[in-house]
Structure formats: C-alpha cells, structure tokens
Amino acid sequence: MHFMLVVACILIGMISSAHHSNQSWKEKIFAEKVAFFTSELNLTPEEAQAFWPLYNRLWESKDKAHHQVMLSYRKLSQALDDGKPEEEISGLLDDYLEALDNMAKVDASIAKEYKGVLPVVKVAKLYRAEEKFRRMQINKLYKKDNGK
C-alpha cells in the first residue's frame, strides 16, 4: 500500500509539474482521479507505465463523445422549450440518439484496449473506480452546495 501511495504522489507530481501552478478545476479533479485510481487498481509499476498513457489518450476520445452527447442534449432541450416544429425536434432527437450510440461505441472500444494492457479483473475495477469517483465528486458538490 505504501508503494501505491508513492506511485500516486509521483504521478500527481508529474501532472502538476506539467501544468501551470494555476490549475483549472479539471486538472485538479484529474490529479485526484489519478491518486484514487492508483489506489483502487493497485497497479504494478509495469501496469501503470502501460495504463496511464493509454488512459489519457482514451479519455480524450471519451470526453469528446460525452461533449457531443451533452451538446446534442442541450440543443434538443432548448428546441423543446422553444416549441420548435416537430420536424426540427425529430432531427435533434436523431442527433442526440446518434451521439449516445457513438458514446457507447467509444466505451466498448476503450474496454477492449484496456484489456490489452491490464488483467480483466483490473479493467473491471477500473470501471468500478470510475463510478465510485464520479459519485464521490457528486457528493462533494452536494455537500458544498448545501453548506455541509
């Protein structure tokens, strides 16, 4: 466990030194994620060396796909709120569903790539860690918004 904390600190240090001291909130969350995933996955040094560059590359794809889903959702929602004609809403709904489908395809291809560098149990732990981390972040926001 001590070794994993050292690895997490080194990774966070590498990320921190790669960015300006004025980190954006996304960079801060990513640094927290690195530490959390390192602990949850218990990566060996060899696994970490193969995993993190892959994760960073794949995360960009996943982030772009998620951005498209959110963008298409906002357009659809705005059209509904504005009472746009049915033909326009139909096209926006198709765009939204296509973006969701694309995101699912990205997720499926990402899982295959992870299995190429990590044992399947650690890939499963990665997905569990992503969900745990997401819930932790939502909980932090909830507590912050409610003054807790």
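The values are calculated or read from the model by the stated rules, or taken from the named source; none is laboratory data. Computed from a predicted model, the values in this text were never measured in an experiment. Positions of Cβ are generated from backbone atoms using ideal geometry, with glycine treated the same way; all protein chains shown enter the neighbour counts. The protein model used for the area step is the full one, side chains on, heavy atoms only, and it has no ligands, DNA or RNA in it. Shrake-Rupley method; radii C 1.70, N 1.55, O 1.52, S 1.80 Å.
Going through segment 86-116 one residue at a time, which ones are among the aliphatic types (A, V, I, L, M) and open to solvent by 50 Å² or more (accessible area, probe 1.4 Å)?
Listed by number, the residues that qualify are Leu93, Leu97, Leu100, Ala104, Ala108.
Test Tyr127 against the stated conditions and say whether it is closer than 30 Å to Glu47 by Cα, assigned to a helix (DSSP H, G or I), without any contact (Cβ under 8 Å) to a residue 60 or more places away in the chain and among the aromatic types (Phe, Trp, Tyr).
Details: closer than 30 Å to Glu47 by Cα: yes; assigned to a helix (DSSP H, G or I): yes; without any contact (Cβ under 8 Å) to a residue 60 or more places away in the chain: yes; among the aromatic types (Phe, Trp, Tyr): yes.
Answer is yes for this residue.
Please pick out the residue among Val121, Val117 that is among the hydrophobic types (A, V, I, L, M, F, W, C) and more than 29 Å from Lys28 (Cβ to Cβ). Break it down stepwise before answering.
Values: Val117 fails: more than 29 Å from Lys28 (Cβ to Cβ).
After ruling out the rest, the residue left standing is Val121.
I'm checking my understanding of the structure. Among residues of segment 117-133 that are surrounded by 15 or more Cβ atoms within 10 Å (Cβ to Cβ) and among the basic types (Lys, Arg), which one is nearest to the chain's Cα centre (by Cα)?
Looking at the filtered set, the residue picked out is Lys125.
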